[in-house]
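J.: The structure's right below; bear with me while I get my questions together.
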Amino acid sequence: MTAQTQSDKDRTSDRVIIFDTTLRDGEQCPGATMTHEEKLEVAELLDDMGVDVIEAGFPIASEGDFAAVNEIARRAKNSVICGLSRASPKDIDRCAEAIKPAKRRRIHTFLSTSPVHMKWKLQKEPHEVYEMVIGQVTRARSHTDDVEWSAEDGTRTEHDFLCRCVEAAIKAGATTINIPDTVGYTVPEEYMALFKMVRERVPNSDKAVFSVHCHDDLGMAVANSLAGVAGGARQIECTINGIGERAGNTALEEVVMAMQVRNDVMPYFTGIKPAMLTRASKLVSAVTSFPVQYNKAIVGRNAFAHESGIHQDGMLKNAQTYEIMTPETVGVKQTSLVMGKHSGRHAFEHKLEELGYQLQANQLEDAFVRFKALADKKKQIYDEDIEALVDEEIAHAHDRIKIISLTVIAGTMGPQSATLTLDIEGKHATTQSTGNGPVDAIFNAVRALVPHEAKLELYQVHAVTEGTDAQAEVSVRLSESGRAYTAKGADPDTLVASAKAYLGALNKLTSKSGRVPGVENRIHSTDVG
């Protein structure tokens, strides 16, 4: 073997597969539900960005999930398209049907192996679980030669039993073995040792790729994932912005950049295009209405911001004094371009590109019209104003209920009233309602036009930028039948922003039923125009 060939082999062994589960585990977190079109948009970006495996959903969960996975499988160009299934034959067969159109497809099937899960969740004995592992992998393998098996709650599983199950899964045909930290319980040293132990003790471990899947309950998901790679895992399961169940998952952008920036101590590499990370973060934030915390690593608004005089002085002399990576690396471009009412379309498009957005022609036109309207109301337009404006455009592009006009009468002499006109699936409806305050009046008007039983769980207002003419950004969360839907609305008028946010959450809620119920009757009975 030549030195060059040996080097290539070593380099290949350092390749880490990026398995993105934003569309499955990420969407499972309360309020992060995406529409069919939004899932397709996110999947397309992940595919272009270089994600190796896209876990597109849980096909058995609903007809909508099946349809999304199936269409993503049909459209994918490069990524392996993966569906999740439980151990039951019906789950596995449904998953296989959903991913069938994909050029490269994977079935990911899982089963709990920890004592607490086997006793209370499965209510089965270890020997029964062991046989189920063999059965589920064998059935999945009959559909595709790319099968991943996960030992749910693997970090709290007894080592002897874990090794037995892993060996059986590989023997039955599993090509990837995932040992997840399902409840975010482990620590880096422990997780690294777990992978070393399993790979050493399982005789056929060399026949499979080992994978990490960590949750952030103790704030160590990224550290644990990298520790698992150090222990021999070569696949990281993660999500954009770290969204996911409870405290979230490993953040894709963080593990990718950690390996790139500190390649001296973590000599691994991925196929991800880092310059697309900011775009991906903004898109996922927009479609889920989950804001990215300002100080979020890599993609947060302040990740490359410097306010301290000491930091500014250092940055002016040499950027390396306070930045360990350039903003351009992750798709952020620093600029002094100031946007205002005299800015033209070309300048607006250029600014959007700098902020990481790529809009379709009709979206761009709508965004530009809204930008000019905002510029007439504000002296200075900040990047955050444009981000709020475009994020709202993306998030509500497919809404079936839209605000046409709103007039509110408020003051010390109540009751306050709101006259609201909505576009409901292409038809206009108007009503007037009163309430205990202007916001209550607006929400009552919406309920009159679109009757529903959802409960308002969150109403939150904050200014997008400084100044008395700042845009208001309102967050609203509605819950119904055990599911929560969150949306944001931005506008210089706080009351209009409130209406937009409420309608955004309501659109997500009503999208589950296929259409807005009783539209015809409601328009005739409430139209006062």
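J.: Within the set of other residues whose C-beta is less than 13 Å from the C-beta of Ser205, count the net charge using Lys and Arg as +1 and Asp and Glu as -1.
T.: +4
J.: Once the piece of chain linking His452 and Asn362 is laid out straight, how much longer is it, given 0.36 nm per residue of separation minus the C-alpha distance between them?
T.: 29.2 nm
J.: Sticking with this structure for a sec: Among the listed pairs Lys488/Lys508; Lys39/Lys372; Lys77/Lys100; Lys77/Lys171, which have their C-alpha atoms separated by more than 20 angstrom in this model?
T.: Lys39/Lys372; Lys77/Lys171
J.: Find me the longest stretch of the chain that has none of the exposed GluC sites (Glu not before Pro), where exposed means in a DSSP loop (not H, G, I, E or B) with at most 11 other Cβ atoms within 10 Å.
T.: Result for the longest clean stretch: 1-306.
J.: With r as the distance between the Cβ atoms of Arg75 and Asn263 and R0 = 35 Å, compute the FRET efficiency 1/(1 + (r/R0)^6) and round to 0.05. Don't skip to the end; give the middle numbers.
T.: Details: r = 33 Å, r/R0 = 0.95.
Calculated transfer efficiency: 0.60.
J.: Average the reciprocal distances over every distinct pair of alpha-carbons in the chain, invert the result, and give the Kirkwood radius in Å.
T.: Over the chain, the inverse of the mean reciprocal pair distance is 25.0 Å.
J.: Run the numbers for Ser405 and Glu128: contour at 0.36 nm per residue of separation, minus the present Cα-Cα distance, in nm.
T.: Numbers: separation 277, 0.36 × 277 = 99.72 nm, distance 6.14 nm.
So the extension gain works out to 93.6 nm.
J.: Is the shape of segment 337-395 rounded, prolate or oblate, going by the alpha carbon gyration tensor and its root eigenvalues a ≥ b ≥ c, with a/c under 1.5 for rounded and a/b larger than b/c for prolate?
T.: Here segment 337-395 falls in the rounded category.
J.: Want the number for Asn436 to Lys273: 0.36 nm per residue separation, take away the alpha-carbon distance, what's left?
T.: 53.5 nm
J.: Considering the convex hull of the alpha carbon atoms of segment 10-264, report its projected area averaged over all viewing directions, in nm², one decimal.
T.: Working: hull surface 50.1 nm².
Dividing the Cα hull surface by four gives the mean projection, 12.5 nm².
J.: In degrees between 0 and 90, to the nearest 10, how far off the longest principal axis of the chain does helix 159-172 point, with axes built from Cα atoms?
T.: Helix 159-172 and the main axis of the chain meet at about 90 degrees.
J.: What percent do you get for the relative contact order of the chain when only Cα pairs under 8 Å and 6+ apart count?
T.: Relative CO of the chain lands at 10 percent.
J.: Which residues does the label zone of Lys171 cover in segment 126-158, counting backbone N under 20 Å from a point 7 Å along Cα→Cβ?
T.: Label zone hits: 126-142, 147-152, 158.
J.: Apply the Karplus parameterisation 6.51 cos²θ - 1.76 cosθ + 1.60, with θ equal to phi minus 60°, to every residue of segment 362-369 and state each ³J(HN,Hα) to the nearest whole Hz, in sequence, with x for glycine and proline.
T.: So the Karplus estimates, Gly and Pro as x, are 5, 5, 4, 4, 5, 5, 5, 4 Hz.
J.: I've got another one for you. Take Lys119 and Asp376, extend 7 Å from each Cα along the Cα→Cβ direction, and tell me the distance between the two endpoints in nm.
T.: 6.8 nm
J.: Once you wrap a convex hull around the alpha carbon atoms of segment 401-526, what is its projected area averaged over all directions, in nm²?
T.: 7.8 nm²
J.: Whole angstrom only: what separates the Cα centroid of segment 85-140 from the Cα centroid of segment 237-252?
T.: Going from one Cα centre to the other spans 22 Å.
J.: Note the angle between two axes, namely the Cα long axis of helix 383-395 and the longest principal axis of the Cα atoms of the chain, as a number of degrees from 0 to 90, rounded to the nearest 10.
T.: 80 degrees
J.: At what distance in angstrom do the alpha carbon centres of segment 407-440 and segment 153-201 lie from each other?
T.: 57 Å
J.: Sticking with this one: Could you work out [θ]222 nm for the chain from helices alone, using -39500 (n - 2.57) per DSSP H run of at least four and dividing by all its residues? Round to the nearest 500 deg cm²/dmol.
T.: It lands at -12500 deg cm²/dmol.
J.: For q values of 0.13, 0.16, 0.21 Å⁻¹, compute log₁₀ I(q)/I(0) with the Debye formula on a Cα-only model of segment 116-247, without solvent.
T.: -0.51, -0.78, -1.28
Only the coordinates and a few stated rules stand behind these numbers; no lab work does. From a predicted model like this one, the values you see are computed outputs, not experimental measurements. Every residue, glycine as well, gets a Cβ built from its backbone with ideal geometry; the counts of neighbours run over all protein chains shown.
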